[in-house]
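Worksheet: the structure to be examined is printed underneath.
Throughout, read-outs are computed from the coordinates displayed, never taken from laboratory work. Because the structure is predicted, anything quoted here is derived from the model rather than measured. Using ideal geometry, Cβ is built from the backbone for each residue, glycine included, and neighbour counts are taken over all protein chains shown.
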Number of protein chains: 4
Amino acid sequence: MSPVQPAARAVGFIGLGRMGSRMAMSLARAGFSLTVYDRVVDSSRPFAAAGVTVASSPADVASRSDVIITMVPDSAAVEAIVLGESGVLDSLRPGAVLIDMSTIDPNVSRKVAAAVRERGGHMLDAPVSGSIALAEQGQLSIIVGGDPAVCDSVRDVLLKIGSRITHAGPNGAGASLKLAVNIVGGLTMQALAESIVLAERAGVSPAVTVDVLSNSALASPFLKYKAAQLLEPLAPAAFTTAMMQKDFGLVLQMAREVGVPVPATAVASEVVTMACALGFGAQDFAAVAEVIRTLSGTVRPTKADTGNE
Amino acid sequence: MSPVQPAARAVGFIGLGRMGSRMAMSLARAGFSLTVYDRVVDSSRPFAAAGVTVASSPADVASRSDVIITMVPDSAAVEAIVLGESGVLDSLRPGAVLIDMSTIDPNVSRKVAAAVRERGGHMLDAPVSGSIALAEQGQLSIIVGGDPAVCDSVRDVLLKIGSRITHAGPNGAGASLKLAVNIVGGLTMQALAESIVLAERAGVSPAVTVDVLSNSALASPFLKYKAAQLLEPLAPAAFTTAMMQKDFGLVLQMAREVGVPVPATAVASEVVTMACALGFGAQDFAAVAEVIRTLSGTVRPTKADTGNE
Amino acid sequence: MSPVQPAARAVGFIGLGRMGSRMAMSLARAGFSLTVYDRVVDSSRPFAAAGVTVASSPADVASRSDVIITMVPDSAAVEAIVLGESGVLDSLRPGAVLIDMSTIDPNVSRKVAAAVRERGGHMLDAPVSGSIALAEQGQLSIIVGGDPAVCDSVRDVLLKIGSRITHAGPNGAGASLKLAVNIVGGLTMQALAESIVLAERAGVSPAVTVDVLSNSALASPFLKYKAAQLLEPLAPAAFTTAMMQKDFGLVLQMAREVGVPVPATAVASEVVTMACALGFGAQDFAAVAEVIRTLSGTVRPTKADTGNE
Amino acid sequence: MSPVQPAARAVGFIGLGRMGSRMAMSLARAGFSLTVYDRVVDSSRPFAAAGVTVASSPADVASRSDVIITMVPDSAAVEAIVLGESGVLDSLRPGAVLIDMSTIDPNVSRKVAAAVRERGGHMLDAPVSGSIALAEQGQLSIIVGGDPAVCDSVRDVLLKIGSRITHAGPNGAGASLKLAVNIVGGLTMQALAESIVLAERAGVSPAVTVDVLSNSALASPFLKYKAAQLLEPLAPAAFTTAMMQKDFGLVLQMAREVGVPVPATAVASEVVTMACALGFGAQDFAAVAEVIRTLSGTVRPTKADTGNE
């Protein structure tokens, strides 16, 4: 194996959504020779304006890049971009490294990695964690699956996107660990929902419950900003209920495949399904609290009611 | 209502277990005129040695105290100590304040409060959160239910036990909020168990998973010390599986009574029941990870295996 | 032990609700010398009209009876009637047999049995299964806990109420087995709800689903009449959602106590809590289907829509 | 649309497993001109011996048949057989009818139906319910999705396999309804497991519990033969735990897609995952009772212990 040298490195970026656009812009700012692509043409505009090359297809990106990053919504999108028509594999440079930073099915990730390997390239699954604000600052957390030497060879690129890189194991291990970590986020939200509504029905205002939790050993950054979202349901979505449903679906499938029972996750997933069915799909997944509230026959207190003591 | 003046204040403390003994000792150190009692005679020895008055019954404590604190394992113990034979009510001073700091059924708490009120006293439910180390330092967190003026009248006492006091509402609100908060602790542990074992079966060592979680937005003090416990199952128990089962039982009963569905809590409670049935009752409730591990047919990696990369 | 002779037998019946009144009337028709009592005076009217003795209290019933049957809503009612003021124990005849046919907490049942034994009587827990129609015909199913010889001594009485008597074990075993059996009823209903609404959302009318189920290996009398209820939600309640919630509460408490995890029951119980919170408490517990339907965002098809193909 | 005339009809059968071989043999006995295929060559031997034509590939079957039936383990197998190399579509006769009787993903079923339609054929999804014994007698229950006229055109064939045919709706409706019905079977088993082990721990022998259930309104043919399996765990598997896990996986995916929460099914699925992980995959899914029993710390009573009273 001989990964390309950083000096010569041209980087391609496919998928310019909410997270991807920030991550790609970090790379542009860092001075990499960048080519971008998104199937929604408008998404590339700010990059064209900044002098970044805009490709016409994933294959076009691949033909111009030593390192190609994909950041797209789901397994099907990764398969289409890499294996599909005018896909990355159509014009992969020898020794090129494909880094998929999406959160997808580990099986699909391994399948794509095998196809890339067969074509003489390298693949890493390198999903990211963190908010849009952290993406903007290049401070995401990255979990990597794949050959450690390949991971080292692109560390300079990854370090413009994230401040923390953890190598989890061979291909698929990054995707697997990302899903495992998402269990904790998903269940913490479900816990907050059950906790806050239970206290609320017992006469304790959500603001007081959030205050106690935020000053307890249970307080995490996640708890703090989600608790805010729970008190202000009109706040913009950070991670939508529909995205959580997709991730829970992947977790449950993976858990069945590797043979690990995840009973609390299974139930939390059903509550997320309820939230989607009740119309909260595009809102932040803090909406699960609204589901529990609705199911307890509780009318949401208006803002004036929730003032702390 | 005329709560007694702090100056004249004699304090009684009933229940000298792992937490209670530290809390009582803080009061002794603070210079309060203290009387203690525990049904296990040996538990009072260190107090006698320190010059603290040791009473012969809860009634004996009450006859000597303006403020009486109870810190015992469950609802039945509180009922017995206050309402039972030679109980607190037998010799309650007029205007005395009973502060129950145990985690118990809010219904029992309200019932005891009514009985105390009828006898001319005041009652607060004031359960505590925090570790034994925090108890030793008088740095617990206290949630109070009851009359705010009564709460204010004993603030000097409470501040020797805890550094943070939150008034949650009328009698029973403290007990209710404590149970609601425990949902988050119980489900976070269940989430860690499912997450770590799922990643483990996918080939990622627990140490790597814990490392990623501990450096994510999900990291809380709780996650950090429980994660350590998950990696070192022989570490001494901080909160036993049997205690978690008791608390989950109270949560589920309360949720049914006030009409709030708590589906993830209900399932986590069943996993805790599995843990008790499998013999982990006296161990830290991090044992739920062993249950998930056993149920996934996974053999626990030996310590040498779990070294980080 | 010397149970009274059947010949001399006078029977008392306490609790003349929907089931109790039918059961008591069967005994009256069978020619037993009957005394009845219900705390709602009007409930005794039809019995008075039929020449049955109406007592003024449970104690009054006991003073006139060799066999006393209780059929009341919950554990607290049984405790009050037997152990309370003017209760059965106040005037229990030596050797009298108390048969509690309510569905209650096995612990309470054992506690009452011990009190009865101490007073020189005998106690059986003998909960019944079956519909109001079966109660009317004396065709209920009876599960008995207690001394087999005592059970034999009152078999003539029991056989006027039920056509099938199963001895389950010592005191408490009848109550325990009844709760265990109720798991199957509760979960079958939950299964029907999930099945029918899932098919409905996939475009299959409930009537078709019910038709297939009713002609499958899964068809039971229960499935048949509950399926009808699922298609006709305005049908009168056979067993209310509130009653199911009470029973599930007892099941879950018992399961925790004896150390058996019942995860599916725990979740079904939460759905029943949702049903109660959404206002279906007084309706048949077939209402859980309405909960699942509501949570799937599905509007119930009007009757015209559900016609079979 | 002009389905072929019954008179001219040649029937092909692909998939000669435990169920398929019995179903195909029924068609042979009924005098249809039959061609069979199974990728395991030995499976065709009894048919060759009986004078049935054995084809060399699915395409070979299709080239000889007006009606082609597939009865295989999963969605992937159906896709491979119909759409894959040397698949049914390679030599589909104009107007031929493909009947897939497997239990598969409704999405895959619809996708295959579209491909068949494009090639000028017709497709029905027609999964079956019933035991091997019923398959032998041609007494299965068949749920059909697809064009009703196509269904009518093959009714003579279907009636040799099943005694009851229900048309559920358009393509995919048969597969969907089959999955919905399987919820009831899966949850009934879970209910039996929880019920029997709970009673067992409370001191009631499984034989007594089964006896009471078998004589209650809950008694169905399913309950009766599964109860027997629960008492005799060495009895041969009727439906394996691994098959149940596959079906639950399909149910949960479908439920997420159509937006119906199925919380009890989700939890029962996790118990089935536990059963697979604990090594019961190839045994009857009555093994979930062993999981609950293991998790309650209960040692299975030996046969001598379970004798009825």
Using the 2.2 N^0.38 Å rule of thumb for compact globular proteins, work out how the stretch C:6-171 stacks up: its C-alpha Rg over that value, please.
-> 0.91
For chain D, calculate the relative contact order in percent as a whole number, restricting contacts to Cα pairs under 8 Å that are 6 or more residues apart.
-> 13
Among D:ALA80, D:THR265, D:ALA227, whose Cα lies farthest out toward the positive end of the dipole of chain D, if unit charges sit on the beta carbon of Lys, Arg (+1) and Asp, Glu (-1)?
-> D:ALA80
Compute the relative contact order of the stretch B:101-173 as a whole-number percentage, counting only Cα pairs closer than 8 Å that sit 6 or more residues apart in sequence.
-> 33
Rel. contact order, % - alpha carbon contacts under 8 angstrom, at least six apart, the stretch D:2-106 | 30
The stretch D:164-215: Rg to Rh, with Rh as the Kirkwood radius over Cα pairs | 1.26
Unit charges on C-beta of K, R, D, E only; dipole of the stretch B:6-171, Debye = 380
Over all residues in D:219-225, what is the mean tally of Cβ atoms on other chains that come within 10 Å of each residue's Cβ?
-> 5
Rounded to whole angstrom, the alpha-carbon centroid of the stretch A:104-136 lies from that of the stretch C:57-88 at a distance of 71
Structure shown: which of D:LYS160/D:LYS246; C:LYS224/D:LYS224; A:LYS111/D:LYS246; A:LYS111/A:LYS178 lie over 20 Å apart, alpha-carbon to alpha-carbon?
-> D:LYS160/D:LYS246; A:LYS111/D:LYS246
Starting from the alpha-carbon convex hull of the stretch B:9-89, give the projected area averaged over all orientations, in nm².
-> 4.6
What number in nm² do you get for the stretch C:130-175 if you take the convex hull of its Cα atoms and divide its surface by four?
-> 2.9
Spin-label model distance (nm) - C:GLU136 vs C:SER163, 7 Å beyond Cα toward Cβ = 1.5
Which angle from 0 to 90°, rounded to the nearest 10, does the C-alpha axis of helix A:263-275 make with the longest principal axis of chain A?
-> 80
How many partner chain Cβ atoms sit within 10 Å of a residue's Cβ in peptide B:276-285, on average, as a whole number?
-> 2
Quick one: in chain B, whose Cβ comes closest to the B/A rotation axis, and how close in angstrom?
-> B:SER220, 2
Computed [θ] at 222 nm, deg cm²/dmol, chain C (DSSP H ≥ 4; -39,500 (n - 2.57); rounded to nearest 500) | -14500 deg cm²/dmol
Cα-based Debye curve of the protein assembly as shown sampled at q = 0.04, 0.05, 0.06 Å⁻¹ gives log₁₀ I(q)/I(0) of -0.26, -0.41, -0.58
What list do you get for A:VAL40, A:VAL288 if you sort them by fewest beta carbons within 10 Å?
-> A:VAL40, A:VAL288
Treating the angle as unsigned and between 0 and 90°, give the value, to the nearest 10°, between the Cα long axis of helix A:106-118 and the longest Cα principal axis of chain A.
-> 10
Only Lys, Arg (+1) and Asp, Glu (-1) charged, at Cβ; the protein assembly as shown dipole about Cα centre in debye | 0
Which value, in nm² and rounded to one decimal, describes the direction-averaged projected area of the C-alpha convex hull of chain C?
-> 16.9
Rounded, prolate or oblate: which fits the stretch A:186-249, taking a ≥ b ≥ c as square roots of the Cα gyration tensor eigenvalues, rounded meaning a/c under 1.5, else prolate when a/b beats b/c?
-> prolate
Across bins of 5 angstrom width beginning at 0, how are the C-alpha pair distances of the stretch D:177-306 distributed, in whole percent?
-> 2, 11, 22, 23, 20, 13, 6, 3, 1, 0
Expressed as an acute angle from 0 to 90° and rounded to the nearest 10, what is the orientation of the C-alpha long axis of helix D:173-201 relative to the principal long axis of chain D?
-> 20
The stretch A:22-68 shape via C-alpha gyration tensor axes, a/c threshold 1.5 | oblate
Two-decimal Rg/Rh across the stretch A:95-182, once Rg and the Kirkwood Rh are taken from alpha-carbon atoms | 0.96
Inter-chain shielding metric for B:241-254, i.e. average beta-carbon neighbours from other chains within 10 angstrom, reads 2
